[in-house]
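Okay, structure first, notes after.
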Amino acid sequence: MIITNYMRSEHRACDELFADAEKSVIDGDFTKAEEQFLKFSNETLRHFKKEEDELFVVFESITGNSEGPTRVMRFEHEQVRGVIGKMAEAIESRDKDAYLSLAESMMILLQQHNMKEEQMLYAMCDRVIPQDKKEETLKNMDKIEL
Amino acid sequence: MFNQGGLSLEQAPPISVVLRFFITGGIFGVILSLFMLFNIDNSLIIVHLLGLGVMASFMLGAMFQMLPVIAGVVIKTPTKKALVVHILLSLGILLQISAFSTSSNPYLYLSSSIILGGGLLYASILMFKRLIEIKDHSSSSKGMLFAISSFIITIILGVVMLLTIGGYLDMPYLLLKLRDIHYSFAIFGWVTLLIIAISFQVIEMFFVTPKYPTIMTKYLILSLFSLLVIKSILIFSSIDTILIDITLSSLLIIYAGVTLHRLYRRRRPTADGSVWFWRFGMILLIISLSTFFIDNLRDITYISFIGFALSIIFAMVYKIVPFLVWFHLSNQGYMEAPMMHDIIHPKRVKIHFFIHLTLFIILIINSFLNFTTLNIVSNIFLTISFSWILYHIVIATRKYYYIQRSFTPIKW
Ligand SMILES: [Fe+2]
Ligand SMILES: [Fe+2]
(Lines give C-alpha, C1' and ligand atoms only; values in the text may rest on other atoms or scores of the structure.)
(Ligands and ions follow the chains in the order given, each with its own letter.)
Protein backbone atom coordinates (compact mmCIF):
# COMPACT_ATOMS: atom_id res chain seq x y z
CA MET A 1 0.00 0.00 0.00
CA ILE A 2 2.99 2.35 -0.30
CA ILE A 3 1.52 4.24 -3.24
CA THR A 4 -1.83 4.74 -1.54
CA ASN A 5 -0.20 5.87 1.69
CA TYR A 6 2.21 8.28 0.05
CA MET A 7 -0.43 9.85 -2.17
CA ARG A 8 -3.10 9.97 0.51
CA SER A 9 -0.85 11.86 2.88
CA GLU A 10 -0.21 14.38 0.09
CA HIS A 11 -3.97 14.80 -0.32
CA ARG A 12 -4.37 15.45 3.38
CA ALA A 13 -1.49 17.92 3.43
CA CYS A 14 -3.14 19.89 0.61
CA ASP A 15 -6.44 19.85 2.49
CA GLU A 16 -4.77 21.48 5.47
CA LEU A 17 -3.21 24.20 3.34
CA PHE A 18 -6.62 24.76 1.79
CA ALA A 19 -8.28 25.07 5.20
CA ASP A 20 -5.63 27.58 6.36
CA ALA A 21 -6.24 29.85 3.39
CA GLU A 22 -9.98 29.63 3.88
CA LYS A 23 -9.60 30.63 7.50
CA SER A 24 -7.62 33.74 6.59
CA VAL A 25 -10.25 34.75 4.06
CA ILE A 26 -12.97 34.42 6.69
CA ASP A 27 -10.86 36.54 9.06
CA GLY A 28 -10.52 39.10 6.27
CA ASP A 29 -6.71 38.81 6.15
CA PHE A 30 -6.26 38.66 2.40
CA THR A 31 -2.50 39.19 2.41
CA LYS A 32 -2.02 36.07 4.48
CA ALA A 33 -4.71 34.26 2.51
CA GLU A 34 -2.93 35.04 -0.73
CA GLU A 35 0.26 33.49 0.57
CA GLN A 36 -1.51 30.41 1.92
CA PHE A 37 -3.59 29.95 -1.19
CA LEU A 38 -0.45 30.10 -3.30
CA LYS A 39 1.02 27.33 -1.15
CA PHE A 40 -2.12 25.26 -1.58
CA SER A 41 -2.26 25.70 -5.32
CA ASN A 42 1.44 25.01 -5.77
CA GLU A 43 1.29 21.83 -3.73
CA THR A 44 -1.85 20.67 -5.50
CA LEU A 45 -0.48 21.36 -8.95
CA ARG A 46 2.77 19.62 -8.02
CA HIS A 47 0.80 16.62 -6.83
CA PHE A 48 -1.13 16.57 -10.11
CA LYS A 49 2.13 16.74 -12.01
CA LYS A 50 3.51 13.81 -10.04
CA GLU A 51 0.48 11.83 -11.05
CA GLU A 52 0.32 12.86 -14.67
CA ASP A 53 4.04 12.66 -15.41
CA GLU A 54 4.99 9.68 -13.27
CA LEU A 55 2.39 7.53 -11.56
CA PHE A 56 -0.21 7.52 -14.32
CA VAL A 57 2.45 6.91 -16.95
CA VAL A 58 3.73 3.87 -15.07
CA PHE A 59 0.20 2.63 -14.53
CA GLU A 60 -0.67 3.11 -18.19
CA SER A 61 2.44 1.33 -19.42
CA ILE A 62 1.86 -1.66 -17.15
CA THR A 63 -1.83 -2.02 -17.88
CA GLY A 64 -1.59 -0.87 -21.49
CA ASN A 65 -4.63 1.28 -20.88
CA SER A 66 -4.52 5.04 -21.25
CA GLU A 67 -8.21 5.46 -22.00
CA GLY A 68 -9.39 4.15 -18.64
CA PRO A 69 -9.34 5.64 -15.17
CA THR A 70 -6.24 7.78 -15.71
CA ARG A 71 -7.96 9.65 -18.50
CA VAL A 72 -10.82 10.50 -16.15
CA MET A 73 -8.37 11.63 -13.49
CA ARG A 74 -6.52 13.87 -15.95
CA PHE A 75 -9.83 15.36 -16.98
CA GLU A 76 -10.76 16.05 -13.38
CA HIS A 77 -7.38 17.70 -12.81
CA GLU A 78 -8.32 20.13 -15.56
CA GLN A 79 -11.56 20.91 -13.75
CA VAL A 80 -9.69 21.58 -10.52
CA ARG A 81 -7.13 23.77 -12.32
CA GLY A 82 -10.03 25.82 -13.67
CA VAL A 83 -11.46 26.42 -10.20
CA ILE A 84 -8.00 27.24 -8.81
CA GLY A 85 -7.79 30.01 -11.40
CA LYS A 86 -11.16 31.40 -10.41
CA MET A 87 -10.26 31.29 -6.72
CA ALA A 88 -7.05 33.19 -7.42
CA GLU A 89 -9.11 35.87 -9.14
CA ALA A 90 -11.47 36.06 -6.17
CA ILE A 91 -8.55 36.52 -3.78
CA GLU A 92 -7.01 39.16 -5.97
CA SER A 93 -10.22 41.15 -6.08
CA ARG A 94 -10.72 40.60 -2.34
CA ASP A 95 -14.13 39.08 -2.99
CA LYS A 96 -14.84 37.11 0.16
CA ASP A 97 -18.22 35.72 -0.82
CA ALA A 98 -17.05 34.56 -4.24
CA TYR A 99 -14.01 32.94 -2.67
CA LEU A 100 -15.98 31.05 -0.05
CA SER A 101 -18.52 29.93 -2.61
CA LEU A 102 -15.81 28.65 -4.93
CA ALA A 103 -14.04 27.08 -1.96
CA GLU A 104 -17.13 25.00 -1.29
CA SER A 105 -17.28 23.76 -4.89
CA MET A 106 -13.55 23.16 -4.92
CA MET A 107 -13.66 21.12 -1.75
CA ILE A 108 -16.38 18.81 -3.03
CA LEU A 109 -14.78 18.50 -6.46
CA LEU A 110 -11.35 17.78 -5.04
CA GLN A 111 -12.55 15.36 -2.38
CA GLN A 112 -14.63 13.38 -4.86
CA HIS A 113 -11.55 13.17 -7.04
CA ASN A 114 -9.35 12.14 -4.13
CA MET A 115 -11.83 9.50 -2.99
CA LYS A 116 -11.84 7.90 -6.41
CA GLU A 117 -8.05 7.88 -6.50
CA GLU A 118 -7.57 6.59 -2.99
CA GLN A 119 -10.19 3.92 -3.30
CA MET A 120 -9.71 2.77 -6.84
CA LEU A 121 -6.78 4.09 -8.78
CA TYR A 122 -4.09 3.98 -6.08
CA ALA A 123 -5.39 0.63 -4.87
CA MET A 124 -5.06 -0.68 -8.41
CA CYS A 125 -1.56 0.82 -8.69
CA ASP A 126 -0.54 -0.91 -5.49
CA ARG A 127 -1.92 -4.16 -6.87
CA VAL A 128 -0.46 -4.12 -10.40
CA ILE A 129 2.88 -2.29 -10.11
CA PRO A 130 5.78 -4.52 -8.93
CA GLN A 131 7.39 -3.53 -5.64
CA ASP A 132 10.73 -2.31 -7.01
CA LYS A 133 8.97 -0.29 -9.67
CA LYS A 134 6.77 1.27 -6.99
CA GLU A 135 9.81 2.36 -5.00
CA GLU A 136 11.41 3.80 -8.11
CA THR A 137 8.20 5.69 -8.96
CA LEU A 138 8.03 7.17 -5.49
CA LYS A 139 11.65 8.35 -5.81
CA ASN A 140 10.96 9.91 -9.18
CA MET A 141 7.87 11.64 -7.88
CA ASP A 142 9.84 13.17 -5.03
CA LYS A 143 12.07 14.89 -7.56
CA ILE A 144 9.25 16.54 -9.47
CA GLU A 145 9.12 20.32 -9.30
CA LEU A 146 6.50 22.64 -10.68
CA MET B 1 -9.26 -5.45 -14.61
CA PHE B 2 -11.15 -2.21 -14.80
CA ASN B 3 -14.65 -3.44 -14.39
CA GLN B 4 -14.50 -2.90 -10.65
CA GLY B 5 -13.32 0.68 -11.05
CA GLY B 6 -15.25 1.24 -14.20
CA LEU B 7 -14.34 4.89 -14.11
CA SER B 8 -15.76 6.76 -17.01
CA LEU B 9 -16.52 10.36 -17.70
CA GLU B 10 -20.19 9.59 -17.71
CA GLN B 11 -20.09 8.04 -14.29
CA ALA B 12 -21.77 10.95 -12.54
CA PRO B 13 -25.46 10.25 -13.13
CA PRO B 14 -27.53 12.98 -14.80
CA ILE B 15 -28.78 15.54 -12.33
CA SER B 16 -32.42 14.52 -12.85
CA VAL B 17 -31.68 11.12 -11.27
CA VAL B 18 -30.87 12.75 -7.95
CA LEU B 19 -33.25 15.71 -8.04
CA ARG B 20 -36.36 13.64 -8.72
CA PHE B 21 -35.83 11.73 -5.48
CA PHE B 22 -35.01 14.84 -3.50
CA ILE B 23 -38.09 16.70 -4.72
CA THR B 24 -40.24 13.67 -3.95
CA GLY B 25 -38.73 13.46 -0.47
CA GLY B 26 -39.62 17.09 0.10
CA ILE B 27 -43.18 16.63 -1.17
CA PHE B 28 -43.77 13.64 1.07
CA GLY B 29 -42.37 15.70 3.93
CA VAL B 30 -44.95 18.39 3.31
CA ILE B 31 -47.72 15.77 3.01
CA LEU B 32 -46.55 14.25 6.29
CA SER B 33 -46.64 17.58 8.09
CA LEU B 34 -50.13 18.29 6.76
CA PHE B 35 -51.28 14.91 8.10
CA MET B 36 -49.85 15.89 11.48
CA LEU B 37 -51.32 19.36 11.31
CA PHE B 38 -54.78 17.97 10.67
CA ASN B 39 -54.38 15.52 13.46
CA ILE B 40 -54.56 12.32 11.50
CA ASP B 41 -53.35 10.12 14.24
CA ASN B 42 -52.42 6.89 12.53
CA SER B 43 -48.91 6.03 13.62
CA LEU B 44 -48.45 3.41 10.88
CA ILE B 45 -49.12 6.04 8.25
CA ILE B 46 -46.92 8.65 9.91
CA VAL B 47 -44.01 6.25 10.36
CA HIS B 48 -44.11 5.06 6.76
CA LEU B 49 -44.58 8.49 5.26
CA LEU B 50 -41.50 9.51 7.19
CA GLY B 51 -39.42 6.38 6.72
CA LEU B 52 -40.23 5.73 3.07
CA GLY B 53 -41.68 8.92 1.64
CA VAL B 54 -39.11 11.22 3.17
CA MET B 55 -36.07 9.27 4.30
CA ALA B 56 -35.91 6.53 1.67
CA SER B 57 -36.53 9.06 -1.11
CA PHE B 58 -33.70 11.29 -0.01
CA MET B 59 -31.40 8.40 0.77
CA LEU B 60 -31.96 6.61 -2.54
CA GLY B 61 -31.32 9.84 -4.42
CA ALA B 62 -28.12 10.33 -2.45
CA MET B 63 -27.09 6.71 -3.07
CA PHE B 64 -27.47 7.08 -6.83
CA GLN B 65 -25.18 10.09 -6.59
CA MET B 66 -22.65 8.77 -4.11
CA LEU B 67 -22.16 5.15 -5.12
CA PRO B 68 -19.87 6.07 -8.03
CA VAL B 69 -17.83 8.41 -5.86
CA ILE B 70 -17.65 6.69 -2.51
CA ALA B 71 -17.67 3.11 -3.71
CA GLY B 72 -16.59 3.39 -7.35
CA VAL B 73 -19.76 1.62 -8.36
CA VAL B 74 -21.31 2.51 -11.68
CA ILE B 75 -25.00 1.98 -12.28
CA LYS B 76 -25.65 1.69 -15.98
CA THR B 77 -28.57 3.57 -17.56
CA PRO B 78 -29.25 5.34 -14.27
CA THR B 79 -31.92 7.61 -15.75
CA LYS B 80 -34.19 4.73 -16.68
CA LYS B 81 -33.60 2.82 -13.48
CA ALA B 82 -34.16 5.86 -11.31
CA LEU B 83 -37.39 6.58 -13.16
CA VAL B 84 -38.69 3.05 -12.55
CA VAL B 85 -37.76 3.15 -8.87
CA HIS B 86 -39.17 6.62 -8.48
CA ILE B 87 -42.57 5.76 -9.98
CA LEU B 88 -42.92 2.48 -8.07
CA LEU B 89 -41.84 4.09 -4.82
CA SER B 90 -44.18 7.08 -5.05
CA LEU B 91 -47.16 5.05 -6.22
CA GLY B 92 -46.38 2.29 -3.70
CA ILE B 93 -46.32 4.69 -0.77
CA LEU B 94 -49.68 6.17 -1.76
CA LEU B 95 -51.15 2.66 -2.01
CA GLN B 96 -49.65 1.71 1.32
CA ILE B 97 -51.09 4.77 3.02
CA SER B 98 -54.50 3.99 1.58
CA ALA B 99 -54.16 0.40 2.79
CA PHE B 100 -53.28 1.56 6.29
CA SER B 101 -56.10 4.08 6.40
CA THR B 102 -58.89 1.78 5.22
CA SER B 103 -57.33 -1.30 6.81
CA SER B 104 -59.94 -3.65 5.44
CA ASN B 105 -59.30 -3.77 1.72
CA PRO B 106 -57.01 -6.74 0.98
CA TYR B 107 -56.29 -5.62 -2.58
CA LEU B 108 -54.66 -2.45 -1.33
CA TYR B 109 -52.32 -4.53 0.80
CA LEU B 110 -51.57 -6.85 -2.10
CA SER B 111 -50.94 -4.08 -4.62
CA SER B 112 -48.83 -2.01 -2.25
CA SER B 113 -46.71 -5.01 -1.33
CA ILE B 114 -46.09 -5.75 -5.00
CA ILE B 115 -45.50 -2.18 -6.20
CA LEU B 116 -43.73 -0.73 -3.18
CA GLY B 117 -41.85 -3.92 -2.36
CA GLY B 118 -40.99 -4.44 -6.01
CA GLY B 119 -39.68 -0.92 -6.49
CA LEU B 120 -37.59 -0.92 -3.35
CA LEU B 121 -36.22 -4.42 -3.89
CA TYR B 122 -35.34 -3.54 -7.46
CA ALA B 123 -33.31 -0.52 -6.30
CA SER B 124 -31.67 -2.18 -3.33
CA ILE B 125 -30.74 -5.42 -5.07
CA LEU B 126 -29.32 -3.41 -7.96
CA MET B 127 -27.07 -1.53 -5.55
CA PHE B 128 -26.28 -4.63 -3.52
CA LYS B 129 -25.09 -6.50 -6.60
CA ARG B 130 -22.72 -3.73 -7.61
CA LEU B 131 -21.41 -3.26 -4.08
CA ILE B 132 -20.64 -6.90 -3.54
CA GLU B 133 -18.45 -6.99 -6.66
CA ILE B 134 -15.99 -4.44 -5.26
CA LYS B 135 -12.46 -5.74 -4.79
CA ASP B 136 -10.84 -3.01 -2.73
CA HIS B 137 -13.42 -2.28 -0.09
CA SER B 138 -13.11 0.87 1.97
CA SER B 139 -14.83 1.18 5.31
CA SER B 140 -17.46 3.30 3.58
CA SER B 141 -18.25 0.98 0.72
CA LYS B 142 -18.40 -1.97 3.10
CA GLY B 143 -20.69 0.03 5.35
CA MET B 144 -22.96 0.79 2.43
CA LEU B 145 -23.11 -2.91 1.64
CA PHE B 146 -24.32 -3.68 5.17
CA ALA B 147 -26.77 -0.77 5.06
CA ILE B 148 -28.25 -2.01 1.80
CA SER B 149 -28.41 -5.56 3.16
CA SER B 150 -30.35 -4.25 6.14
CA PHE B 151 -32.65 -2.39 3.78
CA ILE B 152 -33.34 -5.59 1.83
CA ILE B 153 -34.18 -7.44 5.05
CA THR B 154 -36.45 -4.56 6.11
CA ILE B 155 -38.28 -4.57 2.78
CA ILE B 156 -38.79 -8.35 2.69
CA LEU B 157 -40.19 -8.33 6.22
CA GLY B 158 -42.39 -5.39 5.29
CA VAL B 159 -43.79 -7.24 2.28
CA VAL B 160 -44.45 -10.34 4.38
CA MET B 161 -46.30 -8.24 6.93
CA LEU B 162 -48.40 -6.45 4.30
CA LEU B 163 -49.38 -9.81 2.84
CA THR B 164 -50.16 -11.18 6.29
CA ILE B 165 -52.36 -8.24 7.23
CA GLY B 166 -54.03 -8.47 3.82
CA GLY B 167 -54.84 -12.12 4.58
CA TYR B 168 -52.63 -13.61 1.86
CA LEU B 169 -50.21 -15.22 4.28
CA ASP B 170 -51.38 -17.04 7.32
CA MET B 171 -49.04 -16.23 10.17
CA PRO B 172 -50.63 -13.55 12.30
CA TYR B 173 -48.95 -15.03 15.40
CA LEU B 174 -45.58 -13.95 13.96
CA LEU B 175 -46.66 -10.41 13.20
CA LEU B 176 -45.36 -8.77 16.38
CA LYS B 177 -41.98 -10.42 16.13
CA LEU B 178 -41.63 -9.59 12.47
CA ARG B 179 -42.55 -6.02 13.25
CA ASP B 180 -39.82 -5.68 15.87
CA ILE B 181 -37.20 -7.12 13.52
CA HIS B 182 -38.48 -4.95 10.67
CA TYR B 183 -38.09 -1.78 12.73
CA SER B 184 -34.71 -2.79 14.15
CA PHE B 185 -33.22 -3.29 10.70
CA ALA B 186 -34.86 -0.16 9.34
CA ILE B 187 -33.68 2.09 12.15
CA PHE B 188 -30.33 0.68 13.25
CA GLY B 189 -29.50 -1.07 9.99
CA TRP B 190 -30.56 0.89 6.95
CA VAL B 191 -30.70 4.44 8.32
CA THR B 192 -27.96 4.37 10.94
CA LEU B 193 -25.44 2.19 9.12
CA LEU B 194 -25.79 4.26 5.97
CA ILE B 195 -25.21 7.47 7.87
CA ILE B 196 -22.17 5.99 9.61
CA ALA B 197 -20.77 4.71 6.31
CA ILE B 198 -21.16 8.13 4.72
CA SER B 199 -19.72 9.93 7.73
CA PHE B 200 -16.53 7.88 7.62
CA GLN B 201 -15.74 9.52 4.28
CA VAL B 202 -17.47 12.83 4.46
CA ILE B 203 -16.47 14.09 7.90
CA GLU B 204 -12.78 13.54 7.53
CA MET B 205 -12.47 14.72 3.95
CA PHE B 206 -14.89 17.61 3.71
CA PHE B 207 -14.31 19.21 7.08
CA VAL B 208 -10.61 18.30 7.22
CA THR B 209 -10.69 16.56 10.58
CA PRO B 210 -8.44 13.98 12.22
CA LYS B 211 -9.16 10.43 11.09
CA TYR B 212 -11.68 8.24 12.84
CA PRO B 213 -9.93 5.59 14.95
CA THR B 214 -9.11 2.62 12.74
CA ILE B 215 -10.75 0.19 15.12
CA MET B 216 -13.97 2.11 14.58
CA THR B 217 -13.86 2.32 10.78
CA LYS B 218 -12.90 -1.34 10.62
CA TYR B 219 -15.25 -2.97 13.07
CA LEU B 220 -18.11 -0.68 14.08
CA ILE B 221 -20.45 -1.33 11.18
CA LEU B 222 -19.74 -5.05 11.13
CA SER B 223 -20.39 -5.28 14.88
CA LEU B 224 -23.64 -3.35 14.65
CA PHE B 225 -24.90 -5.52 11.82
CA SER B 226 -23.96 -8.70 13.69
CA LEU B 227 -25.73 -7.42 16.78
CA LEU B 228 -28.85 -6.83 14.69
CA VAL B 229 -28.74 -10.37 13.37
CA ILE B 230 -28.34 -11.77 16.88
CA LYS B 231 -31.11 -9.51 18.11
CA SER B 232 -33.45 -10.85 15.43
CA ILE B 233 -32.72 -14.42 16.41
CA LEU B 234 -33.42 -13.57 20.06
CA ILE B 235 -36.66 -11.82 19.16
CA PHE B 236 -37.68 -14.85 17.16
CA SER B 237 -36.95 -17.17 20.04
CA SER B 238 -38.76 -14.83 22.45
CA ILE B 239 -35.61 -14.17 24.46
CA ASP B 240 -35.05 -10.78 26.10
CA THR B 241 -32.81 -8.53 23.97
CA ILE B 242 -31.79 -6.04 26.63
CA LEU B 243 -28.09 -6.96 26.60
CA ILE B 244 -27.92 -6.58 22.85
CA ASP B 245 -29.74 -3.27 23.05
CA ILE B 246 -27.34 -1.95 25.65
CA THR B 247 -24.31 -2.95 23.57
CA LEU B 248 -25.84 -1.50 20.42
CA SER B 249 -26.67 1.80 22.09
CA SER B 250 -23.29 2.10 23.78
CA LEU B 251 -21.47 1.57 20.49
CA LEU B 252 -23.61 4.19 18.79
CA ILE B 253 -23.14 6.68 21.63
CA ILE B 254 -19.38 6.22 21.37
CA TYR B 255 -19.60 6.73 17.62
CA ALA B 256 -21.61 9.94 18.04
CA GLY B 257 -19.17 11.21 20.65
CA VAL B 258 -16.18 10.50 18.40
CA THR B 259 -17.92 12.23 15.49
CA LEU B 260 -18.63 15.32 17.60
CA HIS B 261 -15.00 15.35 18.65
CA ARG B 262 -13.83 15.11 15.01
CA LEU B 263 -16.08 18.04 14.13
CA TYR B 264 -14.79 20.03 17.08
CA ARG B 265 -11.23 19.49 15.89
CA ARG B 266 -11.95 20.21 12.24
CA ARG B 267 -9.39 22.28 10.43
CA ARG B 268 -11.84 23.95 8.06
CA PRO B 269 -13.12 27.05 9.73
CA THR B 270 -16.55 27.29 8.10
CA ALA B 271 -19.27 26.88 10.66
CA ASP B 272 -21.98 26.70 8.02
CA GLY B 273 -25.39 25.14 8.35
CA SER B 274 -24.17 21.70 7.43
CA VAL B 275 -21.69 21.56 10.31
CA TRP B 276 -24.47 22.58 12.66
CA PHE B 277 -26.83 19.95 11.24
CA TRP B 278 -24.17 17.26 11.70
CA ARG B 279 -23.47 18.32 15.28
CA PHE B 280 -27.09 18.60 16.27
CA GLY B 281 -27.77 15.24 14.63
CA MET B 282 -25.08 13.57 16.70
CA ILE B 283 -26.35 15.18 19.91
CA LEU B 284 -29.85 13.92 19.12
CA LEU B 285 -28.47 10.43 18.47
CA ILE B 286 -26.90 10.45 21.91
CA ILE B 287 -30.15 11.67 23.49
CA SER B 288 -32.13 9.06 21.63
CA LEU B 289 -29.98 6.14 22.72
CA SER B 290 -29.49 7.22 26.30
CA THR B 291 -33.25 7.40 26.83
CA PHE B 292 -33.76 4.06 25.09
CA PHE B 293 -34.07 2.10 28.32
CA ILE B 294 -36.32 4.44 30.23
CA ASP B 295 -39.91 3.56 29.53
CA ASN B 296 -41.37 6.98 30.39
CA LEU B 297 -39.01 8.62 27.95
CA ARG B 298 -39.89 6.49 24.93
CA ASP B 299 -41.28 9.50 23.07
CA ILE B 300 -37.98 11.32 23.42
CA THR B 301 -36.15 8.28 22.07
CA TYR B 302 -38.26 8.26 18.92
CA ILE B 303 -38.37 12.01 18.43
CA SER B 304 -34.64 12.47 18.77
CA PHE B 305 -33.86 9.55 16.50
CA ILE B 306 -36.04 11.07 13.79
CA GLY B 307 -34.33 14.41 14.40
CA PHE B 308 -30.93 12.74 14.07
CA ALA B 309 -31.75 11.14 10.72
CA LEU B 310 -33.34 14.30 9.32
CA SER B 311 -30.42 16.46 10.46
CA ILE B 312 -27.92 14.39 8.53
CA ILE B 313 -30.19 14.16 5.49
CA PHE B 314 -30.62 17.95 5.42
CA ALA B 315 -26.88 18.47 5.89
CA MET B 316 -26.22 16.30 2.84
CA VAL B 317 -28.97 17.68 0.62
CA TYR B 318 -27.88 21.27 1.12
CA LYS B 319 -24.39 20.37 -0.08
CA ILE B 320 -25.32 17.97 -2.86
CA VAL B 321 -27.96 20.08 -4.64
CA PRO B 322 -26.00 23.30 -5.22
CA PHE B 323 -22.87 21.33 -6.00
CA LEU B 324 -24.60 19.24 -8.66
CA VAL B 325 -26.23 22.23 -10.32
CA TRP B 326 -22.89 24.04 -10.50
CA PHE B 327 -20.96 20.91 -11.48
CA HIS B 328 -23.21 19.72 -14.28
CA LEU B 329 -23.65 23.18 -15.78
CA SER B 330 -19.93 23.96 -15.73
CA ASN B 331 -19.16 20.53 -17.14
CA GLN B 332 -21.57 21.10 -19.98
CA GLY B 333 -19.67 24.28 -20.76
CA TYR B 334 -22.06 26.96 -19.54
CA MET B 335 -20.02 30.03 -18.64
CA GLU B 336 -23.11 31.33 -16.87
CA ALA B 337 -23.16 28.43 -14.39
CA PRO B 338 -24.05 30.03 -11.06
CA MET B 339 -21.78 29.45 -8.08
CA MET B 340 -22.94 27.26 -5.23
CA HIS B 341 -23.81 30.18 -2.99
CA ASP B 342 -25.96 31.68 -5.73
CA ILE B 343 -27.91 28.45 -6.01
CA ILE B 344 -28.69 27.97 -2.33
CA HIS B 345 -27.17 30.61 -0.10
CA PRO B 346 -25.62 29.35 3.17
CA LYS B 347 -27.80 31.85 5.05
CA ARG B 348 -30.87 29.97 3.85
CA VAL B 349 -29.38 26.77 5.22
CA LYS B 350 -28.70 28.43 8.56
CA ILE B 351 -32.29 29.65 8.76
CA HIS B 352 -33.45 26.10 8.13
CA PHE B 353 -31.16 24.90 10.86
CA PHE B 354 -32.81 27.25 13.36
CA ILE B 355 -36.28 26.12 12.27
CA HIS B 356 -35.18 22.52 12.69
CA LEU B 357 -33.53 23.20 16.04
CA THR B 358 -36.60 24.98 17.41
CA LEU B 359 -38.86 22.22 16.15
CA PHE B 360 -37.00 19.47 17.96
CA ILE B 361 -36.57 21.45 21.14
CA ILE B 362 -40.33 22.05 21.21
CA LEU B 363 -41.03 18.39 20.45
CA ILE B 364 -38.78 17.20 23.26
CA ILE B 365 -40.17 19.69 25.78
CA ASN B 366 -43.72 18.90 24.79
CA SER B 367 -43.18 15.18 25.26
CA PHE B 368 -43.25 16.07 28.99
CA LEU B 369 -45.85 18.83 28.91
CA ASN B 370 -48.26 17.54 26.31
CA PHE B 371 -49.76 20.97 25.62
CA THR B 372 -52.16 21.10 22.69
CA THR B 373 -50.96 24.55 21.67
CA LEU B 374 -47.33 23.45 21.63
CA ASN B 375 -48.39 20.49 19.58
CA ILE B 376 -49.91 22.77 16.97
CA VAL B 377 -46.85 25.02 17.05
CA SER B 378 -44.54 22.08 16.46
CA ASN B 379 -46.66 20.85 13.57
CA ILE B 380 -46.48 24.30 12.02
CA PHE B 381 -42.71 24.26 12.39
CA LEU B 382 -42.58 20.81 10.81
CA THR B 383 -44.55 22.10 7.83
CA ILE B 384 -42.24 25.09 7.48
CA SER B 385 -39.20 22.87 7.73
CA PHE B 386 -40.17 20.54 4.90
CA SER B 387 -41.57 23.37 2.77
CA TRP B 388 -38.31 25.22 3.23
CA ILE B 389 -36.12 22.46 1.89
CA LEU B 390 -38.58 21.57 -0.88
CA TYR B 391 -38.72 25.20 -1.99
CA HIS B 392 -34.93 25.46 -2.19
CA ILE B 393 -34.51 22.22 -4.11
CA VAL B 394 -37.16 23.32 -6.58
CA ILE B 395 -35.57 26.77 -6.98
CA ALA B 396 -32.18 25.14 -7.59
CA THR B 397 -33.73 22.82 -10.18
CA ARG B 398 -35.37 25.74 -11.94
CA LYS B 399 -32.09 27.66 -12.02
CA TYR B 400 -30.46 24.64 -13.64
CA TYR B 401 -33.02 24.32 -16.42
CA TYR B 402 -33.21 28.09 -16.86
CA ILE B 403 -29.48 28.28 -17.62
CA GLN B 404 -29.73 25.32 -20.00
CA ARG B 405 -32.62 26.93 -21.85
CA SER B 406 -31.31 30.46 -22.01
CA PHE B 407 -27.64 30.11 -22.89
CA THR B 408 -25.42 28.26 -25.31
CA PRO B 409 -22.65 26.12 -23.89
CA ILE B 410 -19.06 26.47 -25.01
CA LYS B 411 -17.77 23.21 -26.46
CA TRP B 412 -14.42 22.07 -25.16
FE1 LIG C 1 -5.34 13.34 -9.01
FE1 LIG D 1 -4.17 12.59 -6.23
- prompt: In Å and whole numbers, how far do the C-alpha atoms of the range B:89-190 stretch along each principal axis, longest first?
  reply: 50, 27, 19
message: Stokes-Einstein diffusion coefficient for the range A:19-61 at 10 °C in a medium of 1.306 mPa s, Rh from the Kirkwood formula over Cα pairs: what value in µm²/s?
response: 137
- prompt: If you build the Cα gyration tensor of the protein assembly as shown and take the root of 5 times each eigenvalue, what three semi-axes come out, in whole angstrom, biggest first?
  reply: 41, 27, 23
field: Kirkwood-based Rg to Rh ratio, the range A:2-143, C-alpha trace
entry: 1.02
task: Could you run the Karplus curve 6.51 cos²θ - 1.76 cosθ + 1.60 with θ = phi - 60° over the range A:66-78 and give me ³J(HN,Hα) per residue in whole Hz, x for Gly and Pro?
output: 10, 9, x, x, 5, 5, 4, 5, 4, 4, 5, 4, 4
query: Taking N as the number of residues in the range B:13-53, what value does Rg over Cα atoms divided by 2.2 N^0.38 Å take?
result: 1.36
- request: Report the one residue of A:Ile2, A:Phe56, B:Leu324 whose Cα lies farthest in the direction of the positive end of the charge dipole of the protein assembly as shown (charges on C-beta: Lys and Arg +1, Asp and Glu -1; origin at the Cα centre).
  value: B:Leu324
message: Going by Cα centres, the range B:213-271 and the range A:83-128 are how many Å apart?
response: 32
- prompt: Once chain B is represented by equal point scatterers at the alpha-carbon sites, with solvent omitted, what log10 I(q)/I(0) does the Debye formula produce at q = 0.10 Å⁻¹?
  reply: -0.68
- line: Checked against a 24 Å limit on the C-alpha separation, the offending pairs among B:Lys76/B:Lys399; A:Lys23/B:Lys211; A:Lys86/B:Lys411; A:Lys86/B:Lys399; A:Lys133/B:Lys142 are B:Lys76/B:Lys399; A:Lys133/B:Lys142
- request: Could you pull out every residue, at least 5 positions away or on a different chain, whose amide H is within less than 5 Å of the one on B:Tyr334? Hs are placed 1.01 Å off N in the peptide plane, and Pro or chain starts have none.
  value: B:Ile410
- line: Using alpha-carbon positions, the gyration tensor of the range B:1-117 gives root eigenvalues a ≥ b ≥ c; with a/c under 1.5 called rounded, otherwise prolate if a/b exceeds b/c, else oblate, the class is prolate
Chain B, dipole about Cα centre (Lys/Arg Cβ +1, Asp/Glu Cβ -1), debye to the nearest 20: 1220
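Sort B:Val30, B:Val321 by accessible area with a 1.4 Å probe, largest first.
Result, largest first: B:Val30, B:Val321.
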message: With θ taken as phi - 60° and the coefficients 6.51, -1.76 and 1.60, list the Karplus ³J(HN,Hα) couplings across the range A:3-11 in order, rounded to whole Hz; mark glycine and proline as x.
response: 5, 3, 5, 4, 5, 5, 5, 5, 4
field: All Cα pairs of the range A:62-118, percent lying beyond 17 Å
entry: 46
- prompt: Taking the range B:134-260 as the region of interest, what is the percent of Cα-Cα pairs per 5 angstrom bin, listed from the shortest bin to the one with the maximum distance?
  reply: 2, 11, 19, 20, 17, 12, 9, 6, 3, 1, 0
message: I'd like the Karplus ³J(HN,Hα) series for the range A:96-103: coefficients 6.51, -1.76, 1.60, θ = phi - 60°, whole numbers in Hz, and an x wherever there's a Gly or Pro.
response: 4, 5, 4, 4, 5, 5, 5, 4
- request: Treating only the Cβ atoms of Lys and Arg (+1) and Asp and Glu (-1) as charged, compute the dipole magnitude of chain A about its Cα centre; round to the nearest 20 debye.
  value: 280
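The values are calculated or read from the model by the stated rules, or taken from the named source; none is laboratory data. Remember, predicted model here, so these are calculated numbers, not experimental data. Positions of Cβ are generated from backbone atoms using ideal geometry, with glycine treated the same way; all protein chains shown enter the neighbour counts. The protein model used for the area step is the full one, side chains on, heavy atoms only, and it has no ligands, DNA or RNA in it. Shrake-Rupley method; radii C 1.70, N 1.55, O 1.52, S 1.80 Å.
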